[in-house]
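Here is the structure we will look at, set down as structure tokens.
The values are calculated or read from the model by the stated rules, or taken from the named source; none is laboratory data. Please read all numbers here as calculations on a predicted model, not as lab measurements. FYI the Cβ positions are ideal-geometry reconstructions off the backbone, even for glycines, and counts take in every protein chain you see.
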Amino acid sequence: MTSTLTDTPDLHLLGREALLHEPAGGDPEKLTLVRAQGSLVWDDRGNEYLDCTAQAWSNNLGAGDERVVEAAIAQTRELTHARPTFHTPALLELAALMVSIAPGDLNRVGFTLHGSMAVEMALKLALRNRPDAEHVAVLHDGYHGRSIATMAASWPHPGNAFARLQPRFLRLPRPDLFRPRLGRTAEEDTELTLAIVRDILEKGAEGSVAALIYEPIQGNGGHNEFSASWHRGIRELCDEFGMLLIIDEVQTGFGRTGRMWASEHYGLDPDILVFGKGVGGGFPLAGVLAKHEHAKFLAGDDQLTFGQFPVSIAAGLATVKAIIEDDLPARAAEHGAYATERLREMQTRHPLIGDVRSPGLMVSIDLVRDRATKEPAPAEAHEVFLRAQRKGVIFGESRYANLGSLIKIKPPLDISRDQLSHALDVLDDVLGDVERDYGTGVR
Ligand SMILES: Cc1ncc(COP(=O)(O)O)c(C=O)c1O
């Protein structure tokens, strides 16, 4: 059937119908991207967009950086595939570089291609190290991936069809700094939640817990930051109950929050750290850092055919060097401070903006229907997203777990100030339009 087709657009329509991950009939507003450079992307109709999502917050270094492109091409010419029983020079160099920039005393590293698989690697490492433990604990609203096990470790999606085959995790509550429970302050909510977590570990776990995994700032679960006292309290509980602390920095690592690692903001001392996204410069790459006493994989525990894909490793090596050379964490801190200040000013004029979140370029606004009740405004947020895209700026949305009230501003960390300022101007306009059309603030 396809052989009778001669022009590309028809093939594209058929492709939309054929893709397993498309809704039936395709999504009319879904763009087909053909090119990217820095913070810009172009679609197949020649439209240019400012990409404030960095493609799932992965292009911390803007797209098409010559240093990464050259490294990937050079590696492709030399060797594209080596099974994990062999080393490549770039693998060894990247391993040495990663442990040199790791927070705390994490001095062992393993690589794989997806954040989800890196989380699985971390879980396996924890279970290897705690052979008698029964559980792994996770936080409510956490997100750790889309493999069978990491979906289970994440906030359970309504209508999750896979639960039958998923491992069970011990789910622990988390404090909420924006919507603390029962009218408490954020600090009181944190204290109360820590006390409940202790109770569960003491009385509710039926067996010991190998590890607790959580994100230092929850990304897909709603940009939920925690206070330093929460992180301190959790570390103390981990030590008291013999649990390894796994910090998932897949989204927060490599400068996104204004430091190389979000862990640095809070003095976190993880036993195992998971990284991904930004490390690959647009190539699939992820992995795990661990303290040497926890580095105990046995042969066959964690070998994937393409797990150390040489082209990704070479691209990752060039990317991490570039992130250091360009001091992208500092760029993220400066841009983030600027964006946050502008958004706070907008908040004084736009009743839709309930909260402004950062740090660094992990920026978002939480849209509310009513400032007093903080009722989330997901329909309005989706409208802001659509109208901004039509004006050439792609913001991030948060559709996960019905928390669709966030608009995320998380471009590459080397975005120019003019570009960032333009994105915020568009957001300002679009918020005004949506407020007018939805009657926000006049009810
Ligand atoms: C915190 C966190 N962990 C793990 C993952 C899974 O990464 P991947 O989609 O590369 O499998 C993600 C992806 O969004 C993430 O944000």
(message) Please go through (1) in contact (Cβ under 8 Å) with a residue 12 or more places away in the chain; (2) of a type in the set (D, E); (3) away from the ligand (no atom under 16 Å from the Cβ) for E249 and return the number of the only condition it doesn't satisfy.
(response) (3)
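Suppose we filter L106, L125, L177 for residues that are over 26 Å from A228 (Cβ atoms) and either within 22 Å of the chain's Cα centre (by Cα) or part of a helix (DSSP H, G or I) (or both); which single one remains?
On the way: L106 fails: over 26 Å from A228 (Cβ atoms); L177 fails: over 26 Å from A228 (Cβ atoms).
That would be L125, the only listed residue that is over 26 Å from A228 (Cβ atoms) and either within 22 Å of the chain's Cα centre (by Cα) or part of a helix (DSSP H, G or I) (or both).
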(request) Select from segment 326-381 the residues that are surrounded by fewer than 19 Cβ atoms within 10 Å (Cβ to Cβ), farther than 18 Å from R179 by Cβ and among the aliphatic types (A, V, I, L, M) and list them in ascending order. (result) A330, A337, M346, A379
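Look through segment 128-146, keep the residues that are of a type outside the set (A, V, I, L, M) and away from the ligand (no atom under 13 Å from the Cβ), and return whichever of them is farthest from the chain's Cα centre (by Cα).
Going residue by residue through segment 128-146, those that are of a type outside the set (A, V, I, L, M) are 128-132, 134-135, 140-146.
So of that shortlist, the ones also away from the ligand (no atom under 13 Å from the Cβ) come out as 128-132, 134-135, 140.
Values: R128: 26, N129: 26, R130: 27, P131: 30, D132: 31, E134: 28, H135: 24, H140: 16 Å.
Across segment 128-146, the extreme among qualifying residues is D132.
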(request) Just one of (1) in a helix (DSSP H, G or I); (2) within 16 Å of the ligand (Cβ to nearest atom); (3) of a type outside the set (F, W, Y) trips up N220, so point out which. (result) (1)
(request) Could you run through segment 123-144 and say how many residues are surrounded by 24 or more Cβ atoms within 10 Å (Cβ to Cβ) and within 19 Å of F306 (Cβ to Cβ)? (result) 0
(message) Only one of G62, G26, G38, G15 is closer than 30 Å to P270 by Cα and either in contact with a strand residue (DSSP E or B) (Cβ under 7 Å, 6 or more places away or on another chain) or at pLDDT below 95 (or both). Can you tell me which?
(response) G62
(request) Scan R164, R232, R184, R198 and give me the residue that is charged (D, E, K, R) and either touching a Pro at 6+ places or on another chain (Cβ under 9 Å) or closer than 28 Å to W57 by Cβ (or both). (result) R232
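Return yes or no: is A149 closer than 16 Å to H135 by Cβ, within 16 Å of the ligand (Cβ to nearest atom), within 27 Å of the chain's Cα centre (by Cα) and part of a strand (DSSP E or B)? Lay out the reasoning, then the answer.
Details: closer than 16 Å to H135 by Cβ: yes; within 16 Å of the ligand (Cβ to nearest atom): yes; within 27 Å of the chain's Cα centre (by Cα): yes; part of a strand (DSSP E or B): no.
The answer is no for A149.
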(request) Identify all residues within segment 43-101 that are under 17 Å from K277 (Cα atoms) and among the charged types (D, E, K, R); write none if there are none. (result) D51, D65
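Every residue, every condition in (1) surrounded by fewer than 17 Cβ atoms within 10 Å (Cβ to Cβ); (2) in the same structural domain as G300 (by TED's automatic domain parsing); (3) in a loop (DSSP other than H, G, I, E, B); (4) under 24 Å from the mean Cα position of the chain (by Cα), yes or no:
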| site | (1), (2), (3), (4) |
| --- | --- |
| L20 | yes, no, yes, yes |
| L31 | yes, no, yes, yes |
| E70 | yes, yes, no, no |
| A82 | yes, yes, yes, no |
| F86 | yes, yes, yes, no |
(request) For L304, work out the one condition from (1) out of contact with any Ser or Thr (no Cβ under 8 Å at 6 or more places or on another chain); (2) assigned to a loop (DSSP other than H, G, I, E, B); (3) aliphatic (A, V, I, L, M) it doesn't fulfil. (result) (1)
(message) Could you list, ordered by first residue, the pairs with Cβ atoms under 9 Å in which the first is in segment 276-287 and in contact (Cβ under 8 Å) with a residue 24 or more places away in the chain and closer than 14 Å to I323 by Cα and the second is near the ligand (Cβ under 9 Å from one of its atoms) and aromatic (F, W, Y), at least 6 apart or interchain?
(response) K277/W57; G278/W57
(request) For residues that are more than 22 Å from the chain's Cα centre (by Cα) and not charged (D, E, K, R), scanning just segment 262-296, find the one that is surrounded by the most Cβ atoms within 10 Å (Cβ to Cβ). (result) H294
(request) Test each condition in (1) within 22 Å of L244 (Cα to Cα); (2) within 16 Å of the ligand (Cβ to nearest atom); (3) part of a loop (DSSP other than H, G, I, E, B) for R168 and report the one that comes out false. (result) (2)
(request) Starting from segment 298-315, take each residue that is over 12 Å from F86 (Cβ atoms) and list its partners that are in a loop (DSSP other than H, G, I, E, B) and among the hydroxyl-bearing types (S, T, Y), counting only C-beta distances under 6 angstrom and pairs at least six apart or across chains. (result) V311/T80
(request) Of the conditions (1) at negative phi; (2) touching a helix residue (DSSP H, G or I) at 6+ places or on another chain (Cβ under 9 Å); (3) touching a residue at least 60 places away in the same chain (Cβ under 8 Å), E325 clears all except one; give me its number. (result) (3)
(message) Please count how many residues of segment 297-323 are polar (S, T, N, Q), crowded, with 24+ Cβ neighbours inside 10 Å and out of contact with any Gly (no Cβ under 7 Å at 6 or more places or on another chain).
(response) 1
(message) Looking at H157, H144 in this structure, which one is in the same structural domain as H81 (by TED's automatic domain parsing), out of contact with any His (no Cβ under 8 Å at 6 or more places or on another chain), assigned to a loop (DSSP other than H, G, I, E, B) and under 19 Å from G287 (Cα atoms)?
(response) H144
(request) Only one of these is away from the ligand (no atom under 16 Å from the Cβ), in a helix (DSSP H, G or I) and small (G, A, S): A96, A118. Name it. (result) A96
